[in-house]
1. With a ≥ b ≥ c the root eigenvalues of the C-alpha gyration tensor of the protein assembly as shown, is it rounded (a/c under 1.5), prolate (a/b larger than b/c) or oblate?
2. Around A:Ser164, which amide H atoms from residues at least 5 apart in sequence, or from another chain, sit under 5 Å from its own amide H, with H modelled in the peptide plane?
3. Tally Lys/Arg at +1 and Asp/Glu at -1 over every other residue whose Cβ is under 15 Å from the Cβ of A:Glu124; what's the total?
4. For the range A:646-765, rounded, prolate or oblate, judged on the Cα gyration tensor with a ≥ b ≥ c (square roots of eigenvalues), a/c < 1.5 rounded, else prolate if a/b > b/c?
5. Looking at the range A:318-375, which trypsin sites (Lys or Arg not before Pro) are in a loop (DSSP not H, G, I, E or B) and have at most 11 other Cβ atoms within 10 Å?
6. Would you mind telling me the antiparallel percentage of the DSSP bridges in the range B:105-332, rounded to 5?
7. Once ligands and nucleic acids are excluded and a 1.4 Å probe is used, how much of B:Ser24 is accessible, expressed in Å² to the nearest 10?
8. Would you work out the relative contact order for chain A, in percent, from Cα pairs under 8 angstrom that are 6 or more residues apart?
Amino acid sequence: MRVPVSWLRDYVAMDMSLTELATKLSIASAEIEGIETRGVADEGGNLGLFRIGKVREAIKHPNADRLQLTKVDLGEAEPRSIVCGAWNFGVGATVAVALPGATIPARPGLPDGLTLERRKVRGEISDGMILAEDEIGLGADHEGIMVFPEIEPGTLLADVVPLSDKVLLVEATGNRPDLQSIYGIAREIAAIYDLDLAEAPGLIPVGTPGGPVKIQVGDFERCSRYVGTIVQGVTVGHSPLIMKARLLGAGMRPISNVVDITNYVMLTLGSPLHAFDLATLNGGGINVRRASDGEKLTTLDGVERVLTADDLVIADDARAVALAGIMGGAETEVSADTHTILLEAANFESHGVFRSSERHRLRSEASGRFEKGVDPQLADQAARWATELIVEFAGGTWTSWNDVHAGLPARPFVEFRPERADAVIGVKTTPDEQFRILGKLGFEQEGTGVIVPSWRARDVTREIDIVEEIARFRLEEVPFTLPQRREMFGVLTREQKLRRRLEDALVGLGFAETYTPSLRPDDETTWKLPEPISVDLTALRTTILPSLVEAVARNIDAGAKNIALFEVARVYLPGDGDLPTERVRVAGIVEGGFSRAKGVVETVYAALKAEPAFARGEHRLLHPGKAATTGAGIVGELHPRELDGEWGAFELDLDDLFAASREPITYTDVITYPAVRQDIAVVVGEGVAAGDIVATARTAAGAELREIRVFDVYRGEQLGAGKKSVAFSVAYQADDRTLNDEDATRLRDAIINALATEFGAELRA
Amino acid sequence: MTDTPDWNAYEAEAAAAAQAAASSDDLEEARVRFLGRKSDIALGLREVRDRETGMLLNGVRTRLEETFDTRAARLADDELDRRLRDEIVDVTLPGDELPLGHLHPITQIRRMVEDAFLGLGYEVRDDREVETVEYNFDKLAFLPTHSARSPRDTFFFDPNHVLRTETSPSQIHIMEEKEPPLYMVSIGRVYRRDAITATRYPIFHQFEGLAVDRGLTLADLKGTLLHVMRALYGPERKVRFRTHYFPFTEPSIEPDVSCGICLGSGCRTCKYSGWIEMGGAGMVDPTVLANVGLDPEEWSGFAFGCGLERTAQLRHDIPDIRALWEGDLRVLRQF
């Protein structure tokens, strides 16, 4: 909310600096996101350059049909010559003048403001500028310049109109509807600084008229209170300048005296109001009811809304005339011809307003307040004060009043122990001080607790809520302590440690870690957002590689060399229940082909003390002949349609990887009885996989075969067509003795015999 | 052989020749002449018939061998020195290009956060990202009208399932799984329906801390956050609290950390306040404790959450959050 400081001063006398006030409010009440200047900047003597002037001469500009050439008396020795484009004044008019050197504020069409100079306009000297209200932030009107009643020429304009103001940008939290009002913020300031708070307007009833207002409320759940007043014989016109200036400062556009007053009272007290043109209401009364499905209403913004039975509307005898608590209807709005108004100050249930506002994608100053919950006690007060202001500024006679409700809620009583506040906050505050703070905020001490003011009744219902009221005034005094611990949990789990090791291993292999969005344009998944914010972020991914392919492609385009990217992230797979199965995976892409990727995967497994189990595999992103499963995922060469060149890729499931890890390691004595190493080469058919040779060798040789690794595959004429030689190195070792040549021969024969039986392998000479 | 050579003179001549040799080749030539198979002393030794002469000649030969060895070592050193002097490289040329990878800045921040909390005796966890409305909102005591429940703010798959909007459901999960005392930090991806800008991305990371124990206070929260902020931003930083509102904490606060750019005097980064917003925090609301079956009179707790991207942006002065999501090696290789 934008809060003009002059408006606050109506209710609390402030002499602290605004910067300090902003800090205190930010800590105790609501964040102050900034302090802006409304109107004319009050710096460098600028305000002194805005003066009242009296027009002594006014003739048509000799060289321009649309301009007037005037002489304006500013209380100086000589009147000044000023060229002006407006024609709504003449000799004798009292006007506002900005002198050369004055800076006028930015406005639509003049984004940087303007510093005036004495200059010639079409050959005639113009020694100042006669001002329209929009030029100095006093209104939206640019139909003509401002004309004042008789005032001494030379008088400071700032003494006549609210020329300059500061505006606090207050960001109140959702639990504080009371801070959606000037008066509510004044109340906080009075509490923080222990200042007096002026009585709120509208509380003292002035003679309520006896005339009736036809109000029928058909749904007290959704509309707990409806106050209606009728004022006859109003003259719709301009609001006073100060009201316009404040509304502009608060970010609302002045419209007409009646509408401005409803907004002014809403901003002051926090209770939204709406004025209907009574003549447009069929039957001359109000019916608060649910809409019927398909019923139509054109709201003030000109949009035709198709309503549902969950929408609450204000209706007359024939139709809906307002979307309750959100926006009035276009057909019943107050216009220049309006003579009789029906003023509404009501309470609409917050969730219903929220649902309708959501459904119609329509938020307004009113709906924002109702969603947070408006104090039902305010409706009466707001209606009275707005009515008084309408009679004062738009004339007319207050003829009728009605207040329909099904009983107003009592102010809640909450048990409260001051020592509980100390226990939660961790700093001592005397009970007297606690009740002083609470008192300034409108809480009344009674017995073993407090009575909550109506404007906080929604938010403050429990002792802890009272504690918070104390806490927010003590935040700067809260010390820095640490919990007294009886038990500690500060260790990473095995999986968390292994994840770090995995990440570090890939970094050691030259990979750069990247993060890509978990949402993709499309994926073969049921987990798709029905309303995504963009087509690119629609479906929860079931694989990470496509995102990495895109990242690699961008890097190729950017001219990067030695590209190697990895990501550790989740995939979202169909689950058994009504949630997806979320699995954490590591995926990577690296320059080089299949063997590069496989080398990376083997090293990752080795780093994790795990053994991969490679088998032929397939994946839609991988080369059909160069893809393998590992036991925890896939590795292969990227399909050439994905990226130009040879790229290795892998995607592995972390839980599966870590399950295979032999961490923590058990020590093996490899020193006392050294290993015997041999190289063996066998000739087999082309179709025999190296992995199968290794597996068969392991089975045949048993536990004494400690290492086996294929180091060469050879094809040549002397081997014959369809044959290949596979060479591998082996290491034999026993735990209890040093193996001798006979042992080595025995093991070697066992391997060769098994390979011969299994694959028809022959020992290569 | 007619004359008996003057072996003293021979030794002196040989030693002089060794000293005079300017290179290993010269020295070798002299060695062959004075100690080789056909040298006088070799021949002399071959013809020795008496013990005395034998000892004399052996003595001469041994001394000369030492002299030549010493000279040879000296010449070898000199020659090595000369050769190495010629082998000067341009030390300003680059070395071999070895692969070096990079952890993403978010991972680096994640580890810093984990380490800070491990030091405080917290366990580290992460929970599911697709959440039920029950865990994302209801059990965290979000009011039915809270704006986060709107599909305008939150990604809904259907009326009951959302992408979690904060890591706070972890609070419920751990409280349902274990008995207090609980001290945990949950770190992971969260999702909000924000348009992509320099400061907002619909997917981001949060860390969420929760402590549930007997007698915890707002002061304990303040001390904990001071430790964590100093771990993340440096020992000079200060922390202050501002009142705020969150459905699942009461009292709720927002912690600010003093601005590291202006050190509190006010600058563009801190919007001239001297302070930077760090996230949300507060004492666990009694309703949340009751929702998981804990007695709020016996147990109290505090909780807090902060964004990792924001932390990374502040730590590394990254103006545009999108840089963290594009996988651009020009960005990643800086970290």
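The values are calculated or read from the model by the stated rules, or taken from the named source; none is laboratory data. Keep in mind that what you see is a predicted model, and the values were worked out from it rather than measured. All Cβ positions, glycine included, derive from the backbone under ideal geometry; neighbour counts span all protein chains shown. What goes into the accessible areas is simple: the full protein's heavy atoms, side chains included, and nothing from ligands, DNA or RNA. Shrake-Rupley method; radii C 1.70, N 1.55, O 1.52, S 1.80 Å.
1. Working: a/c = 2.71, a/b = 2.06, b/c = 1.32.
Note, shape of the protein assembly as shown comes out prolate.
2. A:Val40
3. Details: positive: A:Lys60, A:Arg66, A:Lys71, A:Arg80, A:Arg118, A:Arg119, A:Lys120, A:Arg122; negative: A:Glu57, A:Asp65, A:Glu117, A:Asp127.
Around A:Glu124, the surrounding residues sum to +4.
4. Working: a/c = 2.32, a/b = 1.13, b/c = 2.05.
Since a/c reaches 1.5 but b/c is at least a/b, the shape of the range A:646-765 is classed as oblate.
5. Working: sites: A:Arg319, A:Arg355, A:Arg359, A:Arg361, A:Arg363, A:Arg369, A:Lys372; in loops: A:Arg319, A:Arg361, A:Arg363.
Loop-located and lightly packed - A:Arg361.
6. Details: 40 of 43 bridges.
Antiparallel: roughly 95 percent of the beta bridges in the range B:105-332.
7. We get 50 Å² for B:Ser24.
8. Values: 1561 pairs, mean separation 64.4, N = 765.
Taking the mean separation of contacting Cα pairs over the length of chain A, I get 8 percent.
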